[in-house]
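Participant: Let me give you the structure first, and then I'll get to my questions.
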Amino acid sequence: MVRDGRVFAARRGHGMDGWEFPGGKVEEGETSEQAVAREIREELGVDLSTTWYLDTIEYDYPDFHLSMDVFVSELAPGEEPRLLEHREGRWLGRAELGDVDWLPADLSLIDRVGAMWDSIFQPSHL
């Protein structure tokens, strides 16, 4: 999620300890875009107004392979994230992307987000 030139990161409340871009698994019968809207609603209690595809990340954890479609999303007007499944949440600027201990799959995305920062925040996307 993005807002006011910042991206939202959340520290997991269960499983692996670390920071991530919120989202989750695609359930049977839904698209990746539908999944991100549902997962954000479940994890942060908010609705999104705009969502667009950024990238697909492939990452091999010791016990499983993760294939993750990544979207940039903007909160619907008046929405404010609540931590329903996470321990902490932070809005990070470009210079702050390295300030949190990212989960490995999300860490692989940080360079891409930093490199595309200006494009991500162009009004035509939001």
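The values are calculated or read from the model by the stated rules, or taken from the named source; none is laboratory data. Since the model is a prediction, treat every value here as computed from it, not as a measurement. Reconstructed Cβ throughout: ideal geometry from the backbone, glycine too, with neighbour counts over all protein chains shown.
Participant: Mind checking which strands (runs of 3 or more DSSP E) fall wholly inside region 26-92 and carry at least 2 residues that are surrounded by fewer than 17 Cβ atoms within 10 Å (Cβ to Cβ) and polar (S, T, N, Q)? Spell out how you get there, then give the answer.
Facilitator: Numbers: elements: 48-60, 65-75, 86-92.
Strands (runs of 3 or more DSSP E) meeting the threshold: 48-60.
Participant: Taking the condition of being among the hydrophobic types (A, V, I, L, M, F, W, C), free of Cβ contacts under 8 Å to residues at least 24 places away in the same chain and touching a helix residue (DSSP H, G or I) at 6+ places or on another chain (Cβ under 9 Å), how many residues in region 98-120 meet it?
Facilitator: Residues in region 98-120 being among the hydrophobic types (A, V, I, L, M, F, W, C), free of Cβ contacts under 8 Å to residues at least 24 places away in the same chain and touching a helix residue (DSSP H, G or I) at 6+ places or on another chain (Cβ under 9 Å): 2 in total.
Participant: To continue, here is another question. Do we have L97 as under 14 Å from the mean Cα position of the chain (by Cα), part of a helix (DSSP H, G or I), modelled with pLDDT of 95 or more and not aromatic (F, W, Y) here?
Facilitator: Yes; evaluated as a whole, the condition is true for this residue.
Participant: Could you tell me how many of the residues in region 100-113 are exposed (fewer than 14 other Cβ atoms within 10 Å of the Cβ) and either assigned to a loop (DSSP other than H, G, I, E, B) or in contact with a Leu (Cβ under 7 Å, 6 or more places away or on another chain) (or both)?
Facilitator: Residues in region 100-113 being exposed (fewer than 14 other Cβ atoms within 10 Å of the Cβ) and either assigned to a loop (DSSP other than H, G, I, E, B) or in contact with a Leu (Cβ under 7 Å, 6 or more places away or on another chain) (or both): 1 in total.
Participant: Then there's this: Take L107 and decide whether it is modelled with pLDDT under 95, more than 23 Å from P123 (Cβ to Cβ) and touching a strand residue (DSSP E or B) at 6+ places or on another chain (Cβ under 6 Å).
Facilitator: no
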